[in-house]
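The values are calculated or read from the model by the stated rules, or taken from the named source; none is laboratory data. Please read all numbers here as calculations on a predicted model, not as lab measurements. Cβ atoms come from the backbone with ideal geometry, glycine included; neighbour counts cover every protein chain shown. These area figures cover heavy atoms from the full protein model, side chains too; ligands, DNA and RNA do not enter into them. Shrake-Rupley method; radii C 1.70, N 1.55, O 1.52, S 1.80 Å.
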Amino acid sequence: MDNFIKKFNYLGAALGISTPTEDFVDLEEFFLEATLYFDSDNRIKQAILNWCARYAILLSPSKIRRLSTQTKYNNESLDLIVQFLLANNYVKHNWSILIGRKIKIIINFQKNFKKYLKNNVFIIKTVPEIRYRAEGRNQVIADILAFTQKKSFKSLYELAKKIHSPRNRVNEAFRQLQFFEII
């Protein structure tokens, strides 16, 4: 749980003080991991809901679905969070691909970004995983830029594996970034 809290604080939660991570944090993988800790404590639950209310729009539901076959997560919590996001119009209807079964939503949501999350301006400055997506870049390009800002890699195959994206999309996006001398 300590590793999760460290990542969560890095991505914007106000759950205490953690040292910044030098590792790339895949947002969709983190979202699935958050389902494991959703019911562990009310403060964490409220922080997850507030984080999702603010940042879920930046996530890719199709990538979440693809990662769900290889990542450990809590299916019931995932259904609950996704239905909460859809019911409150925080995400688009395409998120319904993540719902395994309809359940009655009973969530005591305390919307309070100031209490549960760090300042958005600070997050945009310090978290490239969120910043590049908030700037409107697609998921693959944003992840390539965030990853290469923190780590090096030996091949595009390794890069595709690390950011959990299809190789052909990574190859195409990487060539585009090189062509325009962004990387």
task = Confirm whether residue 37 is within 19 Å of residue 133 (Cα to Cα) and either among the aromatic types (Phe, Trp, Tyr) or without any contact (Cβ under 8 Å) to a residue 12 or more places away in the chain (or both).
result = no
request  = Please enumerate the residues belonging to the range 109-161 that are within 15 Å of the chain's Cα centre (by Cα), of a type in the set (Phe, Trp, Tyr) and open to solvent by 70 Å² or more (accessible area, probe 1.4 Å).
outcome  = none
Test: residue in the range 27-37 that is closer than 18 Å to residue 120 by Cβ, among the aliphatic types (A, V, I, L, M) and modelled with pLDDT of 95 or more = yes
Selected residue [among the polar types (S, T, N, Q), loosely packed, with under 13 Cβ neighbours inside 10 Å and either modelled with pLDDT under 95 or over 30 Å from residue 17 (Cβ atoms) (or both)] from 171, 94 = 94
Residues of the range 74-114 satisfying the condition of being among the hydrophobic types (A, V, I, L, M, F, W, C) and either more than 24 Å from residue 9 (Cα to Cα) or without any contact (Cβ under 8 Å) to a residue 24 or more places away in the chain (or both) = 82, 86, 87, 95, 97, 98, 99, 103, 105, 106
